[in-house]
Each structure stands twice: as C-alpha cells, then as structure tokens.
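What follows is a short report on a single structure.
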Amino acid sequence: MSGTIRRTGSPDRWIASSGTYYWVLDHLASAVTDEGVAARFRAASTHGFRTVDLGDLTAVQRREVLDLIRGSLAPAVAARFPGPDGEAVRKFVADLEKVAESWADPA
C-alpha cells in the first residue's frame, strides 16, 4: 500500500510506502503551527486516508508545510531512521523535497 501527497493543478505527486507516508504526516502534524493543518494531517494518518492534497490549504498554510518539507523533515528522518535500514525512508523523503519545489506558489 502507499500514500500520496499532491497539489491540485500540479502534475507532480509524491508516492511513498504507507509507513513512510504516515510517518511524514505525523511529523508534519507535530511540527506545523496551524492547528487546522495539524488536525487534517493527524486525521489522514489516523483514519488511513491515502491522499493529501496541499491544494486544499491556504497559501500561508501551504508555505509553512512546504518550508517544513524542505527544511526540518530530512534531519528528522535521518535522526529517526539512521543507518542502512533507514536508507529507503531517507530516499522517499529526498524525493518529496524535490517534488515540493514544484508545489511552491509563485513569488
């Protein structure tokens, strides 16, 4: 099984194993400052929703989530999944960082 993060209007999607997908959602829920976004991500993880669409967020909410993806997420993954066993998770997250660049709103 897998999970997907996408943004409406973008052809780019991030698809990861369900374990990685839910870990990322849980991490983002704990790191984001907007309680509505945190609740949305926690609900997706708790209830097994397989897709999160960042297009459903406001521009400000989306910017914060993308900043977390491109900032603190990789170090958190490296700390949580060190060594050779965490290589696949770290690769999934590196792919998410690249895809997140295409989801940013124009400046």
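The values are calculated or read from the model by the stated rules, or taken from the named source; none is laboratory data. Keep in mind that this is a model prediction, so the values were computed, not measured. Every residue, glycine among them, receives a Cβ derived from its backbone with ideal geometry; neighbour counts consider all protein chains shown. Calculation scope for accessible area: heavy atoms of the full protein, side chains included, ligands and nucleic acids excluded. Shrake-Rupley method; radii C 1.70, N 1.55, O 1.52, S 1.80 Å.
If you go through the range 30-60 and pick out every residue that is part of a helix (DSSP H, G or I), open to solvent by less than 90 Å² (accessible area, probe 1.4 Å), hydrophobic (A, V, I, L, M, F, W, C) and closer than 18 Å to THR8 by Cα, you end up with 5. Quick one: count up the residues across the range 51-90 that are under 14 Å from SER17 (Cα atoms), charged (D, E, K, R) and at pLDDT 95 or above. The qualifying residues number 0. If the condition is being small (Gly, Ala, Ser) and either part of a helix (DSSP H, G or I) or farther than 14 Å from ALA104 by Cβ (or both), then the range 1-20 contributes SER2, GLY3, ALA16, SER17, SER18, GLY19.
Check whether at least one residue in the range 14-29 is modelled with pLDDT of 95 or more, farther than 19 Å from VAL93 by Cα and either open to solvent by 30 Å² or more (accessible area, probe 1.4 Å) or of a type in the set (A, V, I, L, M, F, W, C) (or both), and report yes or no. Scanning the range 14-29 turns up no residue that is modelled with pLDDT of 95 or more, farther than 19 Å from VAL93 by Cα and either open to solvent by 30 Å² or more (accessible area, probe 1.4 Å) or of a type in the set (A, V, I, L, M, F, W, C) (or both). Just need a number here: residues in the range 61-107 that are among the aliphatic types (A, V, I, L, M), assigned to a helix (DSSP H, G or I) and surrounded by fewer than 11 Cβ atoms within 10 Å (Cβ to Cβ). Counting residues in the range 61-107 that are among the aliphatic types (A, V, I, L, M), assigned to a helix (DSSP H, G or I) and surrounded by fewer than 11 Cβ atoms within 10 Å (Cβ to Cβ) gives 1.
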